Amino acid sequence: LSFYNTFMDLLFLVEPVDTLAVRGLPAVLNCSAASDAPVRVEWKKDGTFLNLVADDRKRQLADGSLLISAVVHSKHNKPDEGVYQCVATIDNLGTISSRTARLTVAGLPRFLSQPEGVSVRSGGTEMLSCEVTEELAPFTRWERDGRPVELDGRVIQLPSGALVISNGSQSDAGLYRCSIDGLGPAKTTDEAQLQVSADSGVEEKLETLQGPVAVAKVVGESVLLPCVMKGYPVPVIRWTWLAFLKTRERFAVIGGGSLQIVNLTEEDAGIYVCQADSGNMTSEIQAELTVHVPPRFLTRPSNTYAQESMDIIFECDVTGSPPPTVKWMKDGDTVIPSDYFRMKQHNLQVLGLVKSDEGFYQCLAENDAGNVQASAQLIILDLDVALPSAVPSLTDATTDHVASGPSERNDPTPSAPRDVVASLVSTQFIKLTWRLPAEPHGENITYSVFYSLEGTNRERVENTSGPGEMQVTIQNLAPDTKYTFRVVASNANGPGESSTPLTVVPGPAPNLQVVSVGTSSVTLSWDRPVTGNGEIQTYRLFYSEKGRDSEQDVDVTGLSYTMTGLKTFTEYSFRVVAYNKHGPGVSTEDVVVRTLSDAPSAAPQNLTLEVLNSTSIMVRWQPPPAGTLNGELTGYRLRYRKGLRRADAAEISTSQLFQLIEGLEKGKVYTVRVSASTVNGSGPTTEWIAAETFENDLDESQVPGVPSSLHVRPLVNRIVVSWTPPENQDVLVRGYKIGYGIGSPHAHTVTLDYKQRFYSIDNLDPSSHYVITLKAFNNMGEGIPIYNSATTRPQSDPDIDFYELFNNPYTPAPDPTPMLPPVGVQATVLSHDTVKVSWADNSLAKNQKITDSRYYTIRWKTNIPANTKYKTANTTTLFHTVTALKPNTLYEFSVMVTKSRRSSTWSMTAHGTTFESIPSSAPKDVTVISKEGNPRIININWQPPTEANGKITGYIIYYSTDVDAEVHDWVVEPVLGNRLTHQIQGLTLDTTYYYKIQARNSKGMGPMSDAVQFHTPKGKSSTSLRLALTLSRLCVSDKPGITGSQEKRVLVIVVIVSVGAFTIIAVIAGAVLCTRRSNSHQKKKRAACKSSTGSHKYKSSSKDLNPPDLWIHHERLELKPMDKSPEPNPVMTETPIPRTAQDPAAEPSHQRRGESLRHEAEESRRGRLALYPHSCSCHFSSLCFCFWLFFSLRCFASLNPNSNTAPLAWLSLSQTYETDELSEEMAHLEGLMKDLNAITTD
């Protein structure tokens, strides 16, 4: 390789760094470049080359550094501040640029505030402020009595310039002043007296002098997080980081509580919390420390050899925090992405190389912590020059081809490939095929395809995958763009002749049509491609939701397809690709279609009511959640009614997100709900929201009075305005108007809502005098204005945030006069978690107007548990709304006032109990046990919920055999009062039940408990079977011990035969009666059977139904009549709990009582039928058989009371049943006879 084809080392030995310069003094930006060839160094400022010949203050030193002899800097002329960059060039070869460096000039020495005299207890902590701009802080120093203050772990200087003295003693007393050195003549503040007083033992409230603030530092630097507290007892300060205490060696607490961290690492970033404890007082302040990591190269770009038409890639991988941004430069100019220069992640791809692409390429990475650069050289060799090494390439085929390099061309090379055709054309790729050259001149022929865009000289190359391969697919083409292709064959002697250029334009797409046929389906159809280059094997349908990058596909064999399962009223994009044996073909253009609309599936959100006066209410809401509208919104339907009961509601249609309801009655409660509508109908409605109109209206027959106060706070580019309303609160105020301007308040006007109490006037000019006016207005007109004026601060002053503005007022020296505590403290409960605390201040004027910087501190706590700490809040008004309280909890509140550094004692205590709220937790410890001796009865026990949020008024027990059933399909049993146990009867044996419990108070129902599983035990043999067995024993006449006359036995047989005949007659009669039932009666019976598929099944205690329900369980041949006693079950409530947690539309008690009993009876019958699914198919013959069995048994027992037959019959029964059980079964049979008689006579 020649000299010009070898890589040239060109690098920076020294690069410029950020510099803080001083006005009038010299400044140097270092830079030094090295290379084997002569290097020319130049400088850029803010991206433009400096003309050092025309600037007598700037000159370049011998090593390339830039010297500014005297820095010039003023308010309106800052020629030297900016971003500098060093540029090194080798003529006719290339250029590289250094990293950038910012030159900052320190401002004029000036103090934003003066230190003030203070007094500190012996052993206490105090701070002397020295407020300067950020760039002046490193130049500040402190003196005491004219001598420099020695800083150590007890006396420290904060980053802001303030001096902190901890563990004060008499040696610290003296006159202190702050000075700025190193920026010309020293500038000092006024002297401030620090007095040290003896420890009096009097408690002093905890006060924060300086807390930590969010700060960002670079790895390796140091940081000081201030935490300066004063009070008595002396505060104990602890630091925590991410919830645990720091104990590393690089961490130290100095100055009585400030945290110093040296040699920062990335792991030190996080939230730091300063906690101070002083007696019963606690304070906690947190701040976030961000640690930035400068960019660092993981992979640097490397020098590269290449040839024309190749594709190469420069790799560049960097890391840092925050993640660096990367840009590329070529010979000092920024690389602009294009079709041939592509940036993939941080790497640079250069496609279709040409000779002019040679030069130096640089990767520049930058973040908030700094910037770095790395360079590489690209040399493009001629085609007859072998590449010395493998080249970083986009494809292995390209590397294999170019790395081999040509040899001496003494032997013949192949002729041009023949019959080059585009066998498959798509919108984004083309498949080329060709035939072997007529004269290959050897074996193992390889091929290269060169292609370019029409009208460009850049040609890219794609190589076949192996020798003898005569096809290639060119991908990532631009649709509707003309390309030119040519193919070159190569043998061992090198590349041969090129084929004739072939120009190809991607072919047309088939006729794709998409029609929406439903809310979730579309139908697609298309034509067969005109030229498919082979039989079509399948079509692939691609579709995606609009706005989504992911694409799904489905294979289709025909020319149409119906797509289902799509989202309602959603746009989808569809395209079709045909496949043959060669692969995919032409892709159609994307066709976008929207599925049909439907009614909304969700209600509007955030419904609010605002009572404007005694006869109107303003209603506002937000649209339903995104994705639930299901169509084009046509409007909203608003319904409102008077009162909380169910009543006729009026309806209003609107297309706005608000509606004014007028013409209402004074002092009445109105409820409102809203639903959204599309062309397909209305969606779900919101819950009813209630509001009460005013009893009387405010006066609007006159304009409002003048606002009682107007305060202004000027900043650099804005003025913060705050005010209080007019003193006459009986006149209606609908809003305020602020006028402002330079010298006149009429230049600009802002209209504000009547609730507004402050406003920030932005985009103002610095150092300008503004006149401001404020006036209230209503429908009668505008009131009398109040005026004020302010001058905005100079541009060099720092801005002040709202937190500092409202929470850190300026505090002068202490005033020995104590403040009077607030009086008349009242706690007004507003809701379950909100209490409004109000008070009066006797130190104010009679109108209670606050005109100074005083503020009030409210503290509150509850006595449960007893060791609860106070919580506090500050306000500048005579009331404060305390939120986030616990429901149904007694709180105590007290208030103190602070003005400057004076504070009052705490006021008298006011108490308030928050309202109840629905339970927020479920009953706990739910257990189920079976009753001993009766497996059909269970006892369920539980404990009250942990968060009852009020007095528990009852519980609801849900049980079902299907744990996955809908909640309305569970059987419900209510429990009145605060009882913690309940008995459930009539369960099915050998069945798994699931139980849930829900607590209720006056506000509604809480969440359900988790399902508890219980399996009822297996029972004895069925009653009918046991009676049949008893009868068989009774009828055996040859048992030992049975005696009696033959006549009595004949009598028994006659009686049994007679009863049997009667049974047969009863069966026939019953059948005839059943067939003659009316159709309406049949429908009633079937309706009763189907009642299980309804809402909640309330299992009631009322059983006075006519006719009685029968519990008939065919699987066990058992018949049970329901108890008809009118007395309620003592374990049940008399009235079932309604379906909703609260029903404001309560009806009169006697009507509700009657309807509840009727509803309870019907629901009880349905609930029992639901538990016994076969109870609707009772066979009449089974009833008759049971009747005959019972009658025969009674006849045996009553033949002769003195004979041995009856005792034997009862003895036989006693072998199967206990006495109580037998009596129960006989009572069931008697009830069965009555039920049979009722059915047959129906």
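The values are calculated or read from the model by the stated rules, or taken from the named source; none is laboratory data. Please read all numbers here as calculations on a predicted model, not as lab measurements. All Cβ positions, glycine included, derive from the backbone under ideal geometry; neighbour counts span all protein chains shown. With ligands, DNA and RNA removed, areas are computed over all heavy atoms of the protein, side chains included. Shrake-Rupley method; radii C 1.70, N 1.55, O 1.52, S 1.80 Å.
Summary table below
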read-out: Scan of the stretch 116-144 for residues that are of a type in the set (Val, Ile, Thr) and at pLDDT 85 or above, ordered by number; value: 118, 120, 125, 140
read-out: Residue that is surrounded by the most Cβ atoms within 10 Å (Cβ to Cβ) [pool: residues in the stretch 693-712 that are modelled with pLDDT of 85 or more and touching a Phe, Trp or Tyr at 6+ places or on another chain (Cβ under 9 Å)]; value: 704
read-out: Complete set of residues in the stretch 20-43 that are among the hydroxyl-bearing types (Ser, Thr, Tyr) and surrounded by fewer than 17 Cβ atoms within 10 Å (Cβ to Cβ); value: 35
read-out: Contacts under 7 angstrom Cβ, first residue in the stretch 281-295 being among the β-branched types (Val, Ile, Thr), partner open to solvent by 50 Å² or more (accessible area, probe 1.4 Å) and part of a strand (DSSP E or B), 6 or more apart; value: 285/208; 290/216; 291/217
read-out: Subset of the stretch 887-907 that is touching a strand residue (DSSP E or B) at 6+ places or on another chain (Cβ under 6 Å) and not polar (S, T, N, Q) - its residue that is surrounded by the most Cβ atoms within 10 Å (Cβ to Cβ); value: 895
read-out: Check on residue 378, open to solvent by less than 30 Å² (accessible area, probe 1.4 Å), part of a loop (DSSP other than H, G, I, E, B) and on the phi < 0 side of the Ramachandran plot; value: no
read-out: Any pair with Cβ under 9 angstrom, 6 or more apart, that starts in the stretch 97-109 at a residue that is closer than 30 Å to residue 39 by Cβ and basic (Lys, Arg) and ends at one that is in a loop (DSSP other than H, G, I, E, B) and open to solvent by less than 10 Å² (accessible area, probe 1.4 Å); value: 99/16
read-out: Within the stretch 487-521, considering residues that are open to solvent by 50 Å² or more (accessible area, probe 1.4 Å) and modelled with pLDDT under 80, the one nearest to the chain's Cα centre (by Cα); value: 508
read-out: Among (1) assigned to a loop (DSSP other than H, G, I, E, B); (2) in contact with a helix residue (DSSP H, G or I) (Cβ under 9 Å, 6 or more places away or on another chain); (3) not aromatic (Phe, Trp, Tyr) - the single one residue 716 does not satisfy; value: (2)
read-out: Within the stretch 1-91, strands (runs of 3 or more DSSP E) holding 1 or more residues that are under 23 Å from residue 334 (Cα atoms) and without any contact (Cβ under 8 Å) to a residue 24 or more places away in the chain; value: 10-14
read-out: Cross-chain or 6+ apart pairs with Cβ under 6 Å, the stretch 147-168 first and more than 15 Å from residue 129 (Cα to Cα), then among the basic types (Lys, Arg); value: 167/154
read-out: Of all residues making up the stretch 743-773, the number that are assigned to a strand (DSSP E or B), open to solvent by 50 Å² or more (accessible area, probe 1.4 Å) and either of a type in the set (Phe, Trp, Tyr) or modelled with pLDDT of 90 or more (or both); value: 6
read-out: Hits in the stretch 670-698 (condition: touching a Gly at 6+ places or on another chain (Cβ under 6 Å) and part of a strand (DSSP E or B)); value: 675, 676, 677, 678
read-out: Residue among 205, 217 that alone is surrounded by fewer than 19 Cβ atoms within 10 Å (Cβ to Cβ), modelled with pLDDT of 90 or more and either among the basic types (Lys, Arg) or part of a strand (DSSP E or B) (or both); value: 217
read-out: Residue tally, condition outside any loop (DSSP other than H, G, I, E, B), of a type in the set (D, E, K, R) and either open to solvent by less than 70 Å² (accessible area, probe 1.4 Å) or in contact with a Leu (Cβ under 7 Å, 6 or more places away or on another chain) (or both), over the stretch 107-143; value: 4
read-out: Residue, farthest from residue 940 (Cα to Cα), within the stretch 963-1007, restricted to residues that are assigned to a loop (DSSP other than H, G, I, E, B) and among the charged types (D, E, K, R); value: 1003
read-out: Residue tally, condition open to solvent by less than 40 Å² (accessible area, probe 1.4 Å) and polar (S, T, N, Q), over the stretch 50-71; value: 1
read-out: Residue count, the stretch 96-106 (criterion: open to solvent by less than 20 Å² (accessible area, probe 1.4 Å) and part of a strand (DSSP E or B)); value: 5
read-out: Residues located in the stretch 328-341, provided they are outside any loop (DSSP other than H, G, I, E, B) and surrounded by fewer than 17 Cβ atoms within 10 Å (Cβ to Cβ); value: 333, 334, 341
read-out: Residue in the stretch 389-411 that is over 30 Å from residue 299 (Cα atoms) and at pLDDT 85 or above present; value: no
read-out: Count of the stretch 535-575 residues which are in contact (Cβ under 8 Å) with a residue 24 or more places away in the chain, more than 22 Å from residue 631 (Cβ to Cβ) and open to solvent by 40 Å² or more (accessible area, probe 1.4 Å); value: 7
read-out: Residue count, the stretch 39-63 (criterion: under 55 Å from the mean Cα position of the chain (by Cα) and of a type outside the set (A, V, I, L, M, F, W, C)); value: 6
read-out: Residues being surrounded by 14 or more Cβ atoms within 10 Å (Cβ to Cβ) and among the polar types (S, T, N, Q) - total across the stretch 642-670; value: 2
read-out: Members of the stretch 454-484 that are open to solvent by 60 Å² or more (accessible area, probe 1.4 Å), modelled with pLDDT of 85 or more and in a loop (DSSP other than H, G, I, E, B); value: 467, 469, 470
read-out: Residue list for the stretch 860-886, filter: part of a strand (DSSP E or B), touching a strand residue (DSSP E or B) at 6+ places or on another chain (Cβ under 6 Å) and open to solvent by less than 50 Å² (accessible area, probe 1.4 Å); value: 860, 873, 875, 880, 882
read-out: Residue among 303, 347 that alone is free of Cβ contacts under 8 Å to residues at least 60 places away in the same chain and either out of contact with any His (no Cβ under 6 Å at 6 or more places or on another chain) or open to solvent by less than 30 Å² (accessible area, probe 1.4 Å) (or both); value: 347
read-out: The stretch 252-290: number of residues that are over 14 Å from residue 212 (Cβ atoms) and in a strand (DSSP E or B); value: 5
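Conditions (1) outside any strand (DSSP E or B); (2) modelled with pLDDT under 80; (3) under 13 Å from residue 713 (Cα atoms), marked per residue:
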residue: 796; (1), (2), (3): yes, yes, no
residue: 805; (1), (2), (3): yes, yes, yes
residue: 812; (1), (2), (3): yes, yes, no
residue: 821; (1), (2), (3): yes, no, no
residue: 824; (1), (2), (3): no, no, no
residue: 831; (1), (2), (3): yes, no, no
